Amino acid sequence: MKNVTITVEESALEWARIEAARRNTSVSRLLGEMLAEKMRQEDAYAQAMRKATKLESWGASEGPYFTRDELYERNNFR
């Protein structure tokens, strides 16, 4: 673990003190946990984006694509 010095608005520091007391922890540990959680969320999002952009087609079409009218007729429940 590394120690860091941060600059923070007084109102944010007051909130952090109250939140840390509510969780029975220190402000330092609270902020460290919050940063670690943010990092995990960002990593998970980036991983999901990489996976989503690698998606390939479900298969080749065996014929021409349907026209808008053909799709409408096909899904029209009369």
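List of remarks:
- Residue match in region 11-21 (condition: assigned to a helix (DSSP H, G or I) and at pLDDT below 95): no
- Verdict on Trp58 being modelled with pLDDT of 95 or more and of a type in the set (Phe, Trp, Tyr): no
- For first residues located in region 6-25 and hydrophobic (A, V, I, L, M, F, W, C), partners that are in a loop (DSSP other than H, G, I, E, B) and lie 6+ apart or on another chain with Cβ distances below 6 Å form the pairs Ala20/Ser26.
The values are calculated or read from the model by the stated rules, or taken from the named source; none is laboratory data. What you see is a predicted model; the values in this text were computed from it and never measured. Every residue, glycine among them, receives a Cβ derived from its backbone with ideal geometry; neighbour counts consider all protein chains shown.
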